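Some notes on the structure that comes next.
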Amino acid sequence: MTIGLFLASLLASIGLSLPIAFALLISAVVLMLHLGLFDSQILAQNLVNGADSYTLLAIPFFLVAGEVMSRGGLSKRIVLLAMSMVGHRKGGLGFVAIFAAIVMASLSGSAVADTAALGSMLLPMMRQAGYPPGRSAGLMAAGGIIAPIIPPSIPLIIIGVAGSISISKLFLAGIVPGLIMGVTLVLMWLFITRKETLVVAAKATGAERLTALRKSFWAMLLPMIIIGGIKTGIFTPTEAGVVAAVYAMLVSTLIYRELNLVELYEVLVLAARNTAVVMFLIAAASVASWLISIAQLPMMVADLLSPLTDSPRLLMLSIMAIVLIIGMVMDLTPTILVLTPILMPVVQIAGIDPVYFGIMFVLNCAIGLITPPVGNVLNVIASVGQLKFEKAVMGVLPFVMAYVVLLLLFVAFPQVITVPLYWLAN
């Protein structure tokens, strides 16, 4: 009864097109009334406490870093480096998109921002070279969702806070599966373009490659600084956000000189607005999470899934199927904030590594970003490429299928994620 009431109020609010944060608050109030605990002071106190977290300070800094890199020339130089290395191969612009997506994922941590930046630079070039627009957009969207997995990742920070999981370990654990996602896209692109007749760019000379590498040096150095600093304990993930933001601003303004003070002000304002949206969502979710705990919903879910707790792989398969379906109709961040407090106790009872669960959960939610009917990343790439949404959906379907197969592989062989994690962590 309690679970049904919570879900019904949440889904009804979403169905009325209310913002997710308000839908969460309404469902929380419904639960409070149902439990006879309604108190506006408790509601306000939990709302404030939800955003009062030192760890969450990383989010605005990484948002600033991502925006600065996009406008300050770092993203552009990464694309030019990729062009010089693989642009001459058959389907070369697709490989450029994949390479650039992986590198940019290690800079910003935002799937939407990376997809928009890549699409605006590469889609016109791919269209001019004769690449099918829908397929090109699909590849770009599939590459964009690598960003939530490879550090620095804002969704990994959010699930770390929501599930009390080490964010440093989540960052280190995301490296290998993120790279495997890139390899998966390469193999899929090779298969798709094997019979295509496409315009091939001229092969860059050794001097041109060295020039591109030299120009992109400062951009390529940032992920090494972030991962190296976290791995060696020089700074925490939160402090890494500060390092990334300051570094990106210094490189963009003093070295590349493509970002002036007016543009920097605009970037800071945009990052502040995006931070406000994310933090209000997290605060609203914390109220719902507190009431979920008070109402003992995790224990109810644990009882429902108790037959599966003796088989961790079967339990993970069931959870992944549920999350995949929910992720098709709900955005990544609210899915994490709503489901993590409910599922984490069940995962712990089954003895599943919480870091492994966190990576799998975010990967599953990221796939939802490129699936209809919502598909925020799909909407972004369709808008940037001036395509109908349906055409972008058809273009991304092969890559969605490849990612689902990869997800099943990770369920069957969790060691693919856990073994590299503990090797990197030690």
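The values are calculated or read from the model by the stated rules, or taken from the named source; none is laboratory data. Note that the structure is predicted; figures quoted are calculated from it, not measured. Cβ coordinates were reconstructed from backbone atoms using ideal geometry, including for glycine residues, and neighbour counts include every protein chain displayed.
Would you mind finding the one in Ile326, Ile359 that is modelled with pLDDT under 90 and in contact with a Leu (Cβ under 9 Å, 6 or more places away or on another chain)?
Values: Ile359 fails: modelled with pLDDT under 90.
Only one candidate passes the filter, namely Ile326.
Can we say Leu156 is part of a helix (DSSP H, G or I), buried (at least 22 other Cβ atoms within 10 Å of the Cβ), modelled with pLDDT of 90 or more and not β-branched (Val, Ile, Thr)? So that I can check it myself, show each step before the final result.
Details: part of a helix (DSSP H, G or I): yes; buried (at least 22 other Cβ atoms within 10 Å of the Cβ): yes; modelled with pLDDT of 90 or more: yes; not β-branched (Val, Ile, Thr): yes.
Against the criterion (part of a helix (DSSP H, G or I), buried (at least 22 other Cβ atoms within 10 Å of the Cβ), modelled with pLDDT of 90 or more and not β-branched (Val, Ile, Thr)), Leu156 qualifies.
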For this session: Residue by residue through segment 23-80, note down the ones that are within 25 Å of Thr335 (Cβ to Cβ), among the polar types (S, T, N, Q) and in a helix (DSSP H, G or I).
Result: Ser27, Asn46, Asn49, Thr55
For this session: Considering every residue within segment 192-202, establish whether at least one is at pLDDT below 90, farther than 29 Å from Val355 by Cα and in a helix (DSSP H, G or I).
Result: yes
Exercise. Would you pick out the residues in segment 377-415 that are over 24 Å from Ile319 (Cα atoms), hydrophobic (A, V, I, L, M, F, W, C) and assigned to a loop (DSSP other than H, G, I, E, B)?
Worked result: Leu387
Exercise. Can you name the helices (runs of 4 or more DSSP H) wholly within segment 216-330 that have at least 2 residues being out of contact with any strand residue (DSSP E or B) (no Cβ under 9 Å at 6 or more places or on another chain) and closer than 19 Å to Leu343 by Cβ?
Worked result: 261-294, 297-305, 312-327
Exercise. Do we find that Val338 is in a helix (DSSP H, G or I), in contact (Cβ under 8 Å) with a residue 60 or more places away in the chain and surrounded by fewer than 19 Cβ atoms within 10 Å (Cβ to Cβ) in this structure?
Worked result: no
